[in-house]
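Undergrad: Next up is a structure, given as structure tokens.
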Amino acid sequence: METLCFESVENLSQMLAEKAISSVELTEMFIGRIKNIDPKVQAFLYLDEERSLRLARASDERRAKGQTLSPIDGIAVGMKDLIAEEGQTLTCGSKILEHYISPYDATVTQRLLGKGAVLLGRLNLDEFAMGSSTETSAYQKTHNPWNLEYVPGGSSGGSAAAVCSGEVPLSLGSDTGGSIRQPAACCGIAGLKPTYGLVSRYGLSALASSLDQIGPFARNVADLSMLLEIIAGHDERDSTSCNVTIPPYRALLKNTQQPRRIGVPREYFSEGIDGEVRQAVFEAIEFFRAQGHRIVDISLPHTPYAIPVYYVVMTAEASSNLARYDGIRYSHRSREATDAMDIYFKSRAEGFGSEVKRRIMLGTYVLSSDHHDAYYVRAQKVRTRIREDFMKAFREADVILAPTAPTTAFKFGEKLNDPLKMYMSDVCTVSTNLAGLPALSIPCGFSKAKMPIGLQFIGKDFHEHEILSIAYQFEKAHDFIHQFPPIN
Amino acid sequence: MTKEHIDIDHIAALCRIALTDEERKTFSQQLDTMIAYLDQLKTVDIGDCEPMVQALDLHNVLRADEGEVSFPVEVALMNAPEKKNNQILVPRIVE
């Protein structure tokens, strides 16, 4: 039965439609798989068996009456523990929200439930999504299913590892500087960060509001497209949500592929990029050339400033967003505190981990009156330059191709105590968050150590269909989606 | 050359985070390193470009000013660390 755990959603959906299997049987299979291997992977913070089976039973009942809601009706989905589901935990990977229960659903949660998804449980992450390895979670370390001695990437490491290991076929994560694409690359699966404003952020605990986007994980591009189609779309409850028409992403994949201009930014192949990663991406470029696409050498000259700009903008916004965890209305309240001010200082000291404290302090510094213009305003201006670079590049290219991460997954502890080293994990991904552009990662090879390598496609604003269809073309011609991690 | 150091106590006070002596030391060093790294932004020619607040061209998106049904009191309070008589309990702040 566990043989189905790596099946595509497309096939599972077909099997459900043909009544070869029921949603209850399928859900029980995934629960069994989680019980079997999650003690090793540790992707799930919380598994809600009872609710999952209730949702699965409801799906089977709908199907029996011919009232199936969508292709994911009856299919299991996992959620990063940063996205609200009514009645479920919302720890954000932090001790400060250890006992917090969501009073409402995020918009994406409502959309999934409205399409009949079976929500399985809550997935591990770096504390408040601050990290690139999932090691800063206050609860547990998630392991890379390809090799348990390695990190799964982050911050959506639980969402990536769960899909990679066949615990769940689909999951949602969030991406502020690479937190979907980098773990997707580290785990050898597909992950997409939508254009800023495509997916509602209502019910997503904010890290940096001008950068955050919720996005899907799947084991192949067709499933990824299907999940994106469900979560995308305008929402009045998010004032940065855009009112755009959502194309039928999955149907568009199978359109005949017109030759495209594929931009290759030379700054993404600097000496900081591992040789094996570079080689695999070069081979992908040659593939596209052989398919008749035009490869264009482009330049994004402000790329070297993306990490410093990101660490000013993101920490500034985070320091402001995380001020809400004050121990008064909700979140941990210190037992040692004697007055209101004491509640703030001690609750936050006890509730937040080191990385969160570090970023709140850096953000507070760059926003403080003496440094505001020199760091914050200046970073916002360089951010304008970074977006201008992309706008210029898109006059010569339809999509941009680059590595997703500078290296394959690294070992536990390798970068944890050196913040700057950890921050460089996002060197290939942060620019697109700063510019607001859509980008996705799919596997394009393996290192000698048998760790997956990610290939990144960056598109124009709201051109997800374009990056999905070109990624689909690569995926179809290769065998990476049929390679599974050695975990049982 | 004298290097400017971050005033860690001032910043921690602004953040409302109590630090241990150990944390004061580690964070001071780490933040000094990180700020020195951020200083490379000072070398970028930004000319007269506008600061970017967010990526999209959206302005003043507001919903209609109409009342909506919100949480019942018990739901709104369900995560309050201390409560009494349907209110959040806090230490006395006015003598």
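The values are calculated or read from the model by the stated rules, or taken from the named source; none is laboratory data. Everything numeric in this text was worked out from a predicted model, so none of it was measured. Here Cβ is always computed from backbone atoms with ideal geometry, including for glycine, and neighbour counts include all displayed protein chains.
Undergrad: For residues that are surrounded by fewer than 23 Cβ atoms within 10 Å (Cβ to Cβ) and of a type in the set (Ser, Thr, Tyr), scanning just segment A:224-248, find the one that is farthest from the other protein chains (Cβ to nearest Cβ).
TA: Filtering segment A:224-248 for residues that are surrounded by fewer than 23 Cβ atoms within 10 Å (Cβ to Cβ) and of a type in the set (Ser, Thr, Tyr), the one farthest from the other protein chains (Cβ to nearest Cβ) comes out as A:Thr245.
Undergrad: Here's a follow-up. May I ask you to list the residues in segment A:297-319 that are polar (S, T, N, Q) and more than 10 Å from chain B (Cβ to nearest Cβ)?
TA: Start the filter on segment A:297-319 by keeping residues that are polar (S, T, N, Q), which leaves A:299, A:303, A:315, A:319.
Scanning segment A:297-319 gives A:Ser299, A:Thr303.
Undergrad: Across segment B:80-95, what is the number of residues that are more than 10 Å from every other protein chain (Cβ to nearest Cβ), in a loop (DSSP other than H, G, I, E, B) and at pLDDT 90 or above?
TA: 2
Undergrad: Further question on the same structure: Can you work out which of the residues in segment A:286-345 that are outside any helix (DSSP H, G or I) and of a type in the set (A, V, I, L, M) is modelled with the lowest pLDDT? So that I can check it myself, show each step before the final result.
TA: So the first thing to find is which residues in segment A:286-345 are outside any helix (DSSP H, G or I), and the list is A:291-302, A:325-339.
Restricting the remaining residues to those that are of a type in the set (A, V, I, L, M) gives A:295-296, A:298, A:300, A:328, A:337.
Numbers: A:Ile295: 98, A:Val296: 98, A:Ile298: 98, A:Leu300: 97, A:Ile328: 95, A:Ala337: 92.
Among those that are outside any helix (DSSP H, G or I) and of a type in the set (A, V, I, L, M), it is A:Ala337.
Undergrad: Restricting the search to segment A:380-427, which residues are more than 23 Å from the chain's Cα centre (by Cα), closer than 29 Å to A:Glu466 by Cβ and in a loop (DSSP other than H, G, I, E, B)?
TA: A:Ala397, A:Asp398, listed by residue number.
Undergrad: Applying the selection to segment A:320-330, what residues are more than 7 Å from chain B (Cβ to nearest Cβ) and buried (at least 21 other Cβ atoms within 10 Å of the Cβ)?
TA: Within segment A:320-330, the subset more than 7 Å from chain B (Cβ to nearest Cβ) is A:320-326.
A:Leu322, A:Tyr325 - these are the residues of segment A:320-330 that are more than 7 Å from chain B (Cβ to nearest Cβ) and buried (at least 21 other Cβ atoms within 10 Å of the Cβ).
Undergrad: Starting from residues that are part of a strand (DSSP E or B) and polar (S, T, N, Q), keep the ones in segment A:440-480 and report whichever is farthest from the chain's Cα centre (by Cα).
TA: Ranking the candidates gives A:Gln456 first.
Undergrad: Related question: Given the criteria more than 7 Å from every other protein chain (Cβ to nearest Cβ), at positive phi and part of a loop (DSSP other than H, G, I, E, B), does B:Gly47 qualify? Talk me through it step by step, then tell me what you get.
TA: Working: more than 7 Å from every other protein chain (Cβ to nearest Cβ): yes; at positive phi: yes; part of a loop (DSSP other than H, G, I, E, B): yes.
Yes; evaluated as a whole, the condition is true for this residue.
Undergrad: If you check A:Arg348 against the conditions, is it crowded, with 18+ Cβ neighbours inside 10 Å, assigned to a helix (DSSP H, G or I), touching a residue at least 12 places away in the same chain (Cβ under 8 Å) and more than 7 Å from chain B (Cβ to nearest Cβ)? So that I can check it myself, show each step before the final result.
TA: Numbers: crowded, with 18+ Cβ neighbours inside 10 Å: yes; assigned to a helix (DSSP H, G or I): yes; touching a residue at least 12 places away in the same chain (Cβ under 8 Å): yes; more than 7 Å from chain B (Cβ to nearest Cβ): no.
When the stated conditions are applied, A:Arg348 does not pass them.
Undergrad: Name the single residue that is surrounded by the fewest Cβ atoms within 10 Å (Cβ to Cβ) among those in segment A:82-111 being within 14 Å of chain B (Cβ to nearest Cβ) and among the aliphatic types (A, V, I, L, M).
TA: A:Ile101
Undergrad: Would you confirm whether or not segment A:183-196 contains a residue that is farther than 21 Å from A:Lys40 by Cβ, of a type in the set (Ser, Thr, Tyr) and in contact (Cβ under 8 Å) with a residue 24 or more places away in the chain?
TA: The answer is yes; a qualifying residue exists.
Undergrad: Another question about this same structure. So in segment B:1-19, with the set limited to residues that are more than 7 Å from chain A (Cβ to nearest Cβ), charged (D, E, K, R) and outside any helix (DSSP H, G or I), which one is farthest from A:Ser369 (Cα to Cα)?
TA: B:Lys3
Undergrad: Further question on the same structure: Could you check how many residues of segment A:353-379 are facing chain B (nearest Cβ under 7 Å) and under 26 Å from the mean Cα position of the chain (by Cα)?
TA: Looking only at that region, the number is 6.
Undergrad: Now a separate question. Which condition from (1) under 23 Å from A:His332 (Cβ atoms); (2) touching a strand residue (DSSP E or B) at 6+ places or on another chain (Cβ under 6 Å); (3) surrounded by fewer than 24 Cβ atoms within 10 Å (Cβ to Cβ) is the one that A:Tyr150 breaks?
TA: With (1) under 23 Å from A:His332 (Cβ atoms); (2) touching a strand residue (DSSP E or B) at 6+ places or on another chain (Cβ under 6 Å); (3) surrounded by fewer than 24 Cβ atoms within 10 Å (Cβ to Cβ) applied to A:Tyr150, the lone miss is (1).
Undergrad: Can you say whether A:Ala337 is out of contact with any strand residue (DSSP E or B) (no Cβ under 9 Å at 6 or more places or on another chain), closer than 30 Å to A:Lys95 by Cα and surrounded by fewer than 22 Cβ atoms within 10 Å (Cβ to Cβ), as far as the supplied structure shows? Step through it out loud before you land on a result.
TA: Working: out of contact with any strand residue (DSSP E or B) (no Cβ under 9 Å at 6 or more places or on another chain): yes; closer than 30 Å to A:Lys95 by Cα: yes; surrounded by fewer than 22 Cβ atoms within 10 Å (Cβ to Cβ): yes.
It is true that A:Ala337 is out of contact with any strand residue (DSSP E or B) (no Cβ under 9 Å at 6 or more places or on another chain), closer than 30 Å to A:Lys95 by Cα and surrounded by fewer than 22 Cβ atoms within 10 Å (Cβ to Cβ).
Undergrad: For segment A:125-149, what are the residues that are closer than 18 Å to A:Leu420 by Cβ and under 15 Å from the mean Cα position of the chain (by Cα)?
TA: First pass over segment A:125-149, keeping only residues closer than 18 Å to A:Leu420 by Cβ: A:126, A:130-133, A:135-136.
Within segment A:125-149, A:Asp126, A:Met130, A:Gly131, A:Ser132, A:Ser133 qualify.
Undergrad: If I go through segment B:20-44 residue by residue, how many of them are outside any helix (DSSP H, G or I) and either over 14 Å from A:Lys357 (Cα atoms) or facing another protein chain (nearest Cβ under 7 Å) (or both)?
TA: Of the residues in segment B:20-44, 1 are outside any helix (DSSP H, G or I) and either over 14 Å from A:Lys357 (Cα atoms) or facing another protein chain (nearest Cβ under 7 Å) (or both).
Undergrad: I need the full set of residues from segment A:419-469 which are crowded, with 22+ Cβ neighbours inside 10 Å, touching a Gly at 6+ places or on another chain (Cβ under 6 Å) and at pLDDT 95 or above, in order please.
TA: Those that are crowded, with 22+ Cβ neighbours inside 10 Å, touching a Gly at 6+ places or on another chain (Cβ under 6 Å) and at pLDDT 95 or above: A:Thr429, A:Val430, A:Asn433, A:Pro438, A:Ser441, A:Pro443, A:Pro452, A:Ile453, A:Ile467.
Undergrad: A further question on this structure: Looking only at segment B:50-79, which residues are within 7 Å of another protein chain (Cβ to nearest Cβ), assigned to a loop (DSSP other than H, G, I, E, B) and either on the phi > 0 side of the Ramachandran plot or not aromatic (Phe, Trp, Tyr) (or both)?
TA: B:Glu50, B:Pro51, B:Met52, B:Val53, B:Gln54, B:Ala55, B:Leu56, B:Leu58, B:Val61, B:Arg63, B:Met78, B:Asn79
Undergrad: If you check A:Lys65 against the conditions, is it over 20 Å from A:Val199 (Cα atoms), of a type outside the set (Val, Ile, Thr) and within 14 Å of chain B (Cβ to nearest Cβ)? Talk me through it step by step, then tell me what you get.
TA: On the way: over 20 Å from A:Val199 (Cα atoms): yes; of a type outside the set (Val, Ile, Thr): yes; within 14 Å of chain B (Cβ to nearest Cβ): no.
No.
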